[in-house]
Each structure stands twice: as structure tokens, then as C-alpha cells.
Amino acid sequence: MKEPVPRKELDRARDLLGTADRIVVLTGAGISAESGVPTFRSADGLWKTFRAEELATPEAFARDPRLVWEWYGWRRELIAACVPNPAHQALARLALADPMRITLVTQNVDGLHHRAARAEAGSGDPTRALPLELHGAIHRDRCSACDRLDREPVAVDASSEATLPRCPDCAALMRPDVVWFGEALDHEVLGAALSAAERADVCLVVGTSALVYPAASLPDVTRSRGGSVIEVNPEATALSASATVSLRGSAGRLVPEIAV
Ligand code: BJW
Ligand code: ZN
């Protein structure tokens, strides 16, 4: 069993968050691990079974769209059966309590922050607890050639290339609305995330290996402006050495303890 997180470190994280005027939160696959969504690079992560370059690149889609759709279809089904965990819920409550103070930024495409925001808002307005989604959303489709975006998930038949979804406007193949390696992130979404990181007194980083850019640069932006970085992760990461506070443990247990 892992060592418990020292009380002093937890108190420090709670104090930093409690006294901050502005907070930016960056989440990665690890925040959804306790909901049952596989991470990418952990021991049992997605990349251990599938090579990234075979599946999460535009070249892979051009080469074998059926294989790529098969992978996304499997992940869509898996994610649809998952529910937000206490870490998503705690962050949604924090953001709803004072939306001007908190900006949620996620690399995740699973939509679990959205679902937590709606559930925690109840009959209220969830908008301010919705995250900036840096890498898109797995349940949306967009055209690989034109601007068409379909927000409603459709069942995809990936049994052959002929059955894959086609754009009703231009007949090109539809694809998941996610950001693959080598593709640019949405300019406005990235700009809003960078500006929140610049203004933040604290960047809370939860469940990311901090290896994928430009997302991984957000904590550096906050730190370079004199802010603090708090990391929550059971393992050491690329960020740990430079974090102000590095809490070793799971998001579902630690985030509700510090995000109050
Ligand atoms: C827990 C836990 C628990 C477990 N509680 N924690 C060299 C230097 C810098 C950059 C580059 C470079 N060479 C190439 C690049 C660019 C490239 C990049 O960063 N590559 C690096 C790998 C080196 N970046 C890009 O290509 C980006 N685009 C870009 O740069 O565009 C430039 C451009 C400009 C103009 C025109 C054209 C281009 C795009 C990156 C897109 C990333 N896409 C993916 C797939 C999304 C779709 C999908 O899901 O299928 O995004 S890759 C994958 O990695 C996914 C994730 O969002 C992303 C980050 O992963 P994450 O979240 O960190 O997960 P893991 O698995 O790595 O880590 C999980 C962590 O959780 C671990 O630390 C665990 O310990 C922890 N954990 N259980 C808390 N219970
Ligand atoms: Zn089209």
C-alpha cells in the first residue's frame, strides 16, 4: 500500500487553493481512471495495446479509417458506461461556487466534466463549470474535409470501409471530433486556456503525465508569472520536480480533500 499523503502537504495545497484569487485546473486521463476510463500511458493504458501512431494521427486515419473508427467506437461505448467520480464532482462544485475564480481545462475527450457540471448544477446553470476541452470530444463527429460538425453521437458501423459514416454535405468521411498528434488545437480554446493560466495564482494539475504539448505548458505559464503549481498524481511525472506541491495519490480521494 502507498504511503499516506503527509498532512502538511495537504494543508499547504488547501491553503494555496483557498487563498487564490484565480485558479486554473488542468486535468488529464488520470482523473477519469477511477470512473473506469483507461489512461493512455499507464501500465494498463491505451497505448500499451495500440500504438499511438497507428490510431491517433491524421495519417493513420488516411491509411486505415476502418481501424481508427473501430478503436473510437469501442472507446465511445466504454465511456458511455462510465460516470463522473468524486474528483469531477468536487471540481464542478468548486467552479459552480465561484465561476469567476476557476477555469477548468481538460485534455480529456470523455465528457465526464460536462456530466459532473450538469449533475452538480441541478436545475441551475452548469455553463461556468464546463471545461475548455483542449483535445475535443469523442462523442462528436466532424467531417474530415469540410466544416460540418455533428454534436449528437451516432452509432458507427466499422465492419467495413463502405459502412463508415459519410458527410451529408460533401460525402467525405466523417471522423471523431478530437485532436490527433500533429493537428493544431482550436485556436480560441487554447487561447482561453493560456490566458487563464497567465492570470492564475494557482494551477492545479490532476492526472496527467504532462508529456503532450501544448497542454503540458499551462503549468509553466502560471509558474513563470509567479503562481504556484499543485500536482495530484499517484506517480511522479515530468512536472513533479518543479511543482510547488506534489501530492502522490488518486484524484478521487485527494481532489475532494483539497478543492473545498
Ligand atoms: C492518475 C490516476 C488516478 C492514473 N488519479 N492520476 C516535441 C516537443 C514538444 C512537442 C512535440 C514534440 N514532438 C511533437 C510534439 C507535438 C505533440 C506532442 O506533444 N508530442 C509529445 C508526445 C512529444 N503535440 C501535438 O501534436 C499537438 N498538436 C500540436 O502541437 O500542433 C502544432 C500545430 C500547430 C499548427 C498547425 C499544425 C500543428 C496535438 C496533441 C494531441 C493529443 N491527442 C491525444 C489523443 C486525443 C484523442 C483521443 O483521446 O483519442 O490526447 S494523445 C493523448 O495524450 C490524449 C491525451 O489528452 C493526451 C495526454 O495524455 P494524459 O491525459 O496526460 O494521459 P496519460 O495516460 O499520459 O497520463 C495519465 C496520468 O494519470 C499518469 O501520470 C498516471 O500516473 C495518472 N493517473 N491513475 C490521478 N486515479
Ligand atoms: Zn463534409
In the stretch 155-176, anything within 15 Å of ligand 2 (Cβ to nearest atom) and open to solvent by 70 Å² or more (accessible area, probe 1.4 Å) is listed as Arg166, Pro168, Asp169
The one condition in (1) modelled with pLDDT of 95 or more; (2) not in a loop (DSSP other than H, G, I, E, B) that Arg128 fails to fulfil:
(1)
In this structure, is Arg66 among the basic types (Lys, Arg), over 24 Å from Ala210 (Cβ atoms) and in contact with an Asp or Glu (Cβ under 9 Å, 6 or more places away or on another chain)?
yes
From the list Ala145, Ala171, exactly one residue is farther than 20 Å from Gln107 by Cβ, modelled with pLDDT of 95 or more, touching a Leu at 6+ places or on another chain (Cβ under 9 Å) and part of a loop (DSSP other than H, G, I, E, B). Which is it?
Ala145
Suppose we filter Glu34, Glu77 for residues that are among the acidic types (Asp, Glu), under 15 Å from Ala116 (Cα atoms) and open to solvent by 60 Å² or more (accessible area, probe 1.4 Å); which single one remains?
Glu34
Taking the options Glu133, Glu183, name whichever one is out of contact with any strand residue (DSSP E or B) (no Cβ under 8 Å at 6 or more places or on another chain), in contact (Cβ under 8 Å) with a residue 12 or more places away in the chain and either more than 16 Å from ligand 2 (Cβ to nearest atom) or assigned by TED's automatic domain parsing to the domain that holds Asp64 (or both).
Glu183
Considering only residues that are within 12 Å of ligand 1 (Cβ to nearest atom) and over 22 Å from Leu55 (Cα atoms), which ones fall in the stretch 96-130?
Val105
Can you pull out every residue in the stretch 138-158 that is under 19 Å from Arg63 (Cα atoms) and in contact (Cβ under 8 Å) with a residue 60 or more places away in the chain?
Ser144, Val156, Ala158
Just to check your reading of the model, which residue among Arg41, Arg51 is basic (Lys, Arg), at pLDDT below 95 and surrounded by fewer than 16 Cβ atoms within 10 Å (Cβ to Cβ)?
Arg51
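The values are calculated or read from the model by the stated rules, or taken from the named source; none is laboratory data. No experiment lies behind these values; they were computed from the predicted model shown. Counting neighbours? That spans all protein chains shown, and the Cβs are built from the backbone with ideal geometry, glycine included. Just so you know, the surface numbers come from the protein's heavy atoms only, side chains and all, with ligands and any DNA or RNA stripped out. Shrake-Rupley method; radii C 1.70, N 1.55, O 1.52, S 1.80 Å.
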